[in-house]
Each structure stands twice: as structure tokens, then as C-alpha cells.
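Sharing a structure with you now.
Rule-based calculations on the coordinates, nothing more; no lab input. Here the structure is a predicted model, which means the values were calculated and not measured. Cβ sites come from the backbone with ideal geometry, for glycine too, and all protein chains shown count toward neighbours.
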Amino acid sequence: MEGKTSGLAPTGWAIEVQGLTKSFEGRLALNGVDLKVRRGEVLSVFGPNGAGKTTLIKVLATLLKPTAGKVQVAGLDLRESSMEIRRKIGVISHQTFLYDELTAFENLKFYGKMYDVPNLKERIYEVMAKVGLASRIHHQVRTLSRGMQQRLAIARAVLHSPSIMLLDEPETGLDEYAHAMLVEMLSASNGGERTVVMTTHSLERGFEIGDRVAILVEGKIAYEESKLCLDAVTLRERYYRYTGASRRGDS
């Protein structure tokens, strides 16, 4: 496979996936995925609809169990240590994982207690300020706009200062302010200590943010490369080649 990193390293990997398969009623969503992500690295995963991007994120986030294969997140085995893994990851996806009838503060308090966040009240106010929602902290989630709910979901995801962030097309539903804020957060990446895996349809945004890129096609990693070895034009050409997408089609 072109650009594929080979060989296992004893240390330095935040995520290690070997032979990951996930099927739904006989249909393969992931078909033997091999993937490794270094600590502090930002990996952008591209692919057309139905390629398996959301399924991959859900498996890494312990929301789906693999059908076969080995998955380690933060050095922990997914099958044996799912609860411990959840304390080390933050997830942003199409679902906000928020409770509509609770206020923003109550939602964050609930998750903060789940993750034993120290100085919880102060931390809640801190992250709400970061996402520009300090004035809405005591508003019920159902009264917030979709864009505001997505901002609150970002606050929820980073509340416990996770070492690993898993993002499934995070730009969906974000307003311009929230998107700029998210890019800034990912670019800073906790001083190089936070690992990020992000799926996206946007080649431009993914290339801008990522340290490394991967293209997922029909449940398999078809291409993987460091951004140092690419430019935006080459990435687009690789995407067309491996996905068969038209230059006017899905990108």
C-alpha cells in the first residue's frame, strides 16, 4: 500500500489497530483496517460516503465493538478496558451527546463528575468561555441553536482534558466562530501532547490541520502518508485515484 508505515514500534503509539473488521448483518463496514497514530499526531481521514469513516471513529470511541481484530487506545485494549479508555478520549460527532432538558452547566457537571474532573465548577466556566457560551451557561440545551449545541459538544469533549480526540466530520453544523475555534484548538493540540483522529469530507481543511493523512475506501485504508511528503494538489490527485471520485464529485 503506497505510503503505508510498516512495522510495530514498542512505544510512541496513541492508537494501534490491527486487522480491524466490523460487520453489520453480514455487510462489512470495516475490512481489515491496519492503522497506527503516534502520540501528539493529528491524523486526517478522508473517504467517500459509506467508506467506513464513522464506524472507525465509533469503534475507537468504544461506541461499537469490533467484529474482529485488535484495537489499542492509549495503550489499553479496547475489549478489556473500554471504561478506562473513555476517560482518556474526547469525542465530537454528529451526535452532541447532550441532554436537551438540562442546562449547559448541568450537562457539563454530569460529564465532569463521570470523569472526576478536579475543580469542576471552575473548569466548566473555563471551557464555556473558550467556546463563547459563557452567557448561555444556565440555558437549557433545547433552547440553543444547532451551532451553539455543537459548541457545547466541543466543551463537553475537552472538559476532562483528554489526551486523545476523536472527531467525526466535526465541521458539520458548526458556525464560523466555532469552526475557527476548533481549528485553533486542534492546531495547538495541547502543546503537541494531544493526539487527534479526524474524519472529514474537506480535503482542504483536513490537509491544513493534519500531520498525516489517510484515505479510507470500502472499509480499508487505501492510502496513508505524512503531510511532509505531500502538497494539497497531490493529495487531491491521490483522493481521486483511490476513491474513483470525479473531480466534480465527492471531495
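Subtract the Cα-Cα distance of Lys130 and Arg27 from 0.36 nm times their separation in residues, and report this length gain in nm to one decimal.
32.9 nm
Right, next: What does the extension gain come out to for Glu80 and Glu176, with contour length at 0.36 nm per residue minus their alpha carbon separation?
Separation in residues times 0.36 nm, less the Cα-Cα distance, equals 30.6 nm.
What dipole magnitude, in Debye to the nearest 20, does the chain give about its Cα centre under +1 on Lys/Arg Cβ and -1 on Asp/Glu Cβ?
Result for the chain is approximately 340 debye, rounded to the nearest 20.
Percent of Cα-Cα pairs more than 32 Å apart in the chain, please.
I get 21 percent for the Cα pairs in the chain exceeding 32 Å.
Taking only Cα atoms, what is the 0 to 90° angle, nearest 10, from helix 146-158's long axis to the longest principal axis of the chain?
It is inclined by approximately 80 degrees.
Once you've got the Cα coordinates, tell me which of Lys70/Lys130; Lys36/Lys121; Lys88/Lys113; Lys36/Lys65; Lys65/Lys220 are over 25 Å apart.
Distance filter (> 25 Å) returns Lys70/Lys130; Lys36/Lys121.
For the chain, which span is the longest to avoid every loop-located (per DSSP) member of chymotrypsin sites (Phe, Trp or Tyr not before Pro) having at most 14 other Cβ atoms inside 10 Å?
100-251
Then there is this: Return the long-range amide H neighbours of Asp175 (sequence gap of 5 or more, or a different chain), with a cut-off of under 5 Å between placed amide H atoms.
none
Give the long-range amide H neighbours of Ile221: residues separated by 5 or more places, or on another chain, with amide H under 5 Å away, using H modelled in the peptide plane at 1.01 Å from N.
Asp34
Please report the antiparallel percentage of the DSSP beta bridges confined to the stretch 72-222, to the nearest 5.
Around 35 percent of the beta bridges assigned by DSSP in the stretch 72-222 are antiparallel ones.
Moving on. With θ set to phi - 60°, apply the Karplus curve 6.51 cos²θ - 1.76 cosθ + 1.60 along the stretch 128-136 and write out the HN-Hα couplings as whole Hz, x wherever there is a Gly or Pro.
So the Karplus estimates, Gly and Pro as x, are 5, 5, 4, 8, x, 10, 4, 6, 10 Hz.
Which far-off residues, 5 or more places away or on another chain, put their amide H under 5 Å from the one on Thr195, with H placed in the peptide plane?
Gly40, Ile164, Met165
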